[in-house]
1. Go through the stretch 103-118 residue by residue and tally those that are surrounded by fewer than 17 Cβ atoms within 10 Å (Cβ to Cβ) and within 24 Å of residue 23 (Cβ to Cβ).
2. Could you count how many residues in the stretch 103-120 are of a type in the set (Gly, Ala, Ser) and in contact with a Lys or Arg (Cβ under 6 Å, 6 or more places away or on another chain)?
3. Inside the stretch 50-60, can you point out the residues that are without any contact (Cβ under 8 Å) to a residue 40 or more places away in the chain, in a loop (DSSP other than H, G, I, E, B) and either outside the structural domain of residue 25 (by TED's automatic domain parsing) or surrounded by fewer than 15 Cβ atoms within 10 Å (Cβ to Cβ) (or both)?
Amino acid sequence: MDTHDAKKPLPRLTPDNRAFWEGCREHKILLPWCQYCDRPHWPPGPVCPYCFGDDLTWKQSSGRGVISSWVVVHKAWLPAFAADIPYNAVQVELEEGIRLTGNVVGASNKTLRVGLPVEVVFDDVTPEATLPRFKPR
């Protein structure tokens, strides 16, 4: 197994990642998985943190998980959120074990808690969309 190929781009999972956002447009959460050990390729990088393989595939996630942490944000770090201040930013641990940062809709600060089951909400993907959105299940 060749673990280095200078011609191959390094994988990234960021808001500007084409595969991730194309999946969202089709109402899917796509995540990078290692072809060798069949685990989430996390953290994203040039090699799998488990087996050091460098071959990725994009698999559909359930989009369901639980809140592992959350915070109320009072400043518009991203211009798209300026109209929504304050908003709730959450870390969601998906059923596949990967954590995604997102925001929560349909829940007040009084109902948010660690361990709250949530599922992804698919809005139309626009240039203003910067984070996945989740709602309580």
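The values are calculated or read from the model by the stated rules, or taken from the named source; none is laboratory data. Worth saying up front: this structure is predicted, and the values here are computed from it rather than measured. Reconstructed Cβ throughout: ideal geometry from the backbone, glycine too, with neighbour counts over all protein chains shown.
1. 3
2. Here the count works out to 1.
3. Selection gives 50 alone.
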